[in-house]
Amino acid sequence: MSKNSLHMRIMLWGWAILICALLLTLWFYYGTVASELTSSQEQSTERLLEYVKWRIGQTDHDRDTAGFQKEITRLGKRLGIRITYIIDGKVTADSEVSSQRLSTLDDHSARPEVVEAVDSGKGENIRHSATLDTKMLYVAAQMPGKGNILRLAMPYSQISERLSRVKTSFFIIFIFIATGSALLTFILGRRTTRAVTDLSETAKAIGNGDYSKRIRVIPGGEFHPLAESINTMARKIKDHIKIIEDQKGQLNAIFENMNEGVMVLNYRGQIESINRSLTEMFPSARSSEGRLPLEVLMRHEIQDAVDSILASTDKSPRESLILELPDGRSLNTSIITFTDHNDRRKVLLVFHDISEVRRVEKVLRDFVSNASHQLRTPLTSIKGYSETLIDNPPKDEGVLKNFLGIIRNNADHMSKVITGMFALARSEYSGKKLKNEPTSLVSTINQSVGDLANQAADKGISIQTSSIPDLNVLGTHDGLVQIFDNLLENAVKYAPENTDISVEITADEEDVFVKVIDKGPGIPYGDTERIFEKFFKLDENAIENGSSGLGLAICRSLVRNFNGDIWVKSPADATTQEGSAFCVKLKRTE
């Protein structure tokens, strides 16, 4: 179809639809106006009828006298209507007929409006009047007295003239609209044809690979959204290669810099590509393209898993292996598949170093084992003495108290172990999110000294504190009190009776150093670091001494949470080779 033919068809169809819609609208509107004008005229005539009835009712003239004829004639001229009074079909008065001619008028009893008025009280009719030689609107109504009818007549030409003017106006409007719409349809048709042609040519150019082709977009045009869509599509297609290249660069960056080692195999099971992390895990994997995994990794279980997956009929086979390397590393290897553009199965191997995870798991197992051991020993003692008391209760009260004391001491030991485990776990868990703040050193040390005062007095031990400077350190009040409580409790526990424990404080511009010095037996040189490990104990009678083996581990965890450090110097007195000095370093704040 040619461009001109398309233009003509669009114009004719649009113009024809518009003309049909306009004709239907004008026809409907004309009918409505005609109906409203006729109804308005009828209502006006009925109001006049009521008025004339009232005026006739006020006159004293008989209805068949000359005086009544004059009254009717005067009233009709004043109102501009024809008034007729009829008695039993005979016209006795008429405002448009002289008195001499009344007797020559036809009998009106058969007139439609008169018949209707006799039957229902009122009647109306539109017809041509032979007397006045014009189309009239008649309205009739019964009057008091038998056979008395009052009729009004109004020229229907008034309505016809108004309808004729409306019809003329409608015709003029129709001519103007038809002419204007034809011109507008022609302009819009040309514009639409041009837009359709432009769209077609642009789409054809894009289909042929010319992505620089664009459609001229006219704001508010009929094809504006379509033109914008095609232009956007062209821009996106033009940028497609660039986007693919950018994405390829991003994927390569991710591929080369991820911590996990990645190996991609083709559908034959040969290596297509590897990333940098894999070459760090397996230095022999360099220059491995086209080789089998077995040749590069020297792990037959990997080659067996790859062969099994390539031969599998499952839709998405996958496998996971744990590789234990000779150097102690552990690798979690995930093997999955994907399909290329030829629907051929390829294999992706991801090697994740889980050595640290395995180490943490081992530490956790050791911790649980130690904890269970620490609880099992006192629990066994409690169970044994309890069974003895039940099966063979001693008669000696001293022996009985000794048994009960052993049970109580072991229960206290279990309580301390459990409390210490919770405290240590809470310290290690909250360390990363702990909110440290300036804390008074004086108040925390004085509180701890007060907490241990009774226990020290029982052994005749005096806790000496030098002049404590009014300093603030980084930490929390409860955490610092727990640190000093543990250190003073250990000092009181292991110091000989009737000796002194001293607390010394020194400071520089950045740090504060707190020393807790006792005169106990001291700590062997090889154990000065181990005493801060969980559940480590120096003596075999730790239960009797009430030790859980967690106090110093809790102290180290809390101190490190406060960005500080803790260590022990033993012996504290080089001359006597006795005593221990636990040193705590804390950050000084304002």
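Evaluate the following for SER316: is it touching a residue at least 24 places away in the same chain (Cβ under 8 Å), polar (S, T, N, Q) and touching a Ser or Thr at 6+ places or on another chain (Cβ under 7 Å)? Answer is no for this residue.
Can you tell which of GLU289, GLU256, GLU272, GLU245 is open to solvent by 100 Å² or more (accessible area, probe 1.4 Å) and either closer than 20 Å to ILE336 by Cα or modelled with pLDDT of 85 or more (or both)?
GLU289
Looking across segment 88-115 at every residue that is under 14 Å from LEU152 (Cα atoms) and not in a strand (DSSP E or B), the one that is most open to solvent (accessible area, probe 1.4 Å) is identified as GLU96. All conditions in (1) at pLDDT below 75; (2) crowded, with 17+ Cβ neighbours inside 10 Å hold for ILE56, with the sole exception of (1). Among the residues of segment 2-30, those identified as assigned to a helix (DSSP H, G or I), open to solvent by less than 80 Å² (accessible area, probe 1.4 Å) and modelled with pLDDT under 75 are SER5, LEU6, HIS7, ILE10, MET11, GLY14, LEU18, LEU22, LEU26, TYR30.
In this entry, LEU79 passes the filter for residues that are of a type in the set (A, V, I, L, M, F, W, C) and without any contact (Cβ under 8 Å) to a residue 40 or more places away in the chain. The residues of segment 483-511 that are small (Gly, Ala, Ser) and open to solvent by less than 40 Å² (accessible area, probe 1.4 Å), listed by number, are ALA491, ALA495, SER502.
Go through segment 123-181 and give me each residue that's within 60 Å of the chain's Cα centre (by Cα) and either open to solvent by 50 Å² or more (accessible area, probe 1.4 Å) or modelled with pLDDT of 80 or more (or both).
ILE173, ILE175, PHE176, ILE177, THR179
A count restricted to segment 49-70 and to residues that are charged (D, E, K, R) and within 23 Å of LEU137 (Cβ to Cβ) stands at 3. Checking each residue in segment 260-269 for being closer than 19 Å to ALA311 by Cβ, outside any loop (DSSP other than H, G, I, E, B) and open to solvent by less than 10 Å² (accessible area, probe 1.4 Å) picks out MET263, LEU265. Mind checking which residues of segment 516-538 are within 19 Å of VAL492 (Cα to Cα) and not in a loop (DSSP other than H, G, I, E, B)? Residues satisfying the conditions are VAL516, ILE517, ASP518, ILE531, PHE532.
The values are calculated or read from the model by the stated rules, or taken from the named source; none is laboratory data. Just so you know, these numbers come straight off a predicted model, no measurement behind them. Cβ: placed from backbone, ideal geometry, glycine included. Neighbour counts: every protein chain shown. Side chains are part of the model used for accessible areas, which takes the heavy atoms of the whole protein and leaves out ligands, DNA and RNA. Shrake-Rupley method; radii C 1.70, N 1.55, O 1.52, S 1.80 Å.
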